[in-house]
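Only one structure is covered here, and it is reproduced in the block below.
The values are calculated or read from the model by the stated rules, or taken from the named source; none is laboratory data. Because the structure is a prediction, the values reported are computed rather than measured. Glycine also receives a Cβ, built like all others from the backbone with ideal geometry; neighbour counts cover every protein chain displayed.
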Amino acid sequence: MTCSHQPLCPSADASDREAAHTISAHPEQGWSLLCNGVLLFDDTGELLPNGVVIAPHRPTDVHPEAFRHARC
């Protein structure tokens, strides 16, 4: 896939690949296709264009209230 956005979207192998523009969203199915060819799933898992699977990597069930009482 070739990106025409300015600035260019991060490539699928970049650490910030999830920052690419969404070109097709399917929230009813739980996934979105990003400009760089990455399939991004609602559980934060990813499928890269080369077939590599990235396991879910961010908690999705943490509520903002949990951070109010956190100690540094």
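Can you confirm whether Ser4 is out of contact with any helix residue (DSSP H, G or I) (no Cβ under 9 Å at 6 or more places or on another chain) and at pLDDT 95 or above? No; evaluated as a whole, the condition is false for this residue.
For segment 23-44, what are the residues that are within 19 Å of His57 (Cβ to Cβ) and surrounded by fewer than 12 Cβ atoms within 10 Å (Cβ to Cβ)? Across segment 23-44, the qualifying residue is only Gly30.
Here is the figure for segment 32-56: residues that are within 17 Å of His21 (Cβ to Cβ), touching a strand residue (DSSP E or B) at 6+ places or on another chain (Cβ under 8 Å) and small (Gly, Ala, Ser) total 1.
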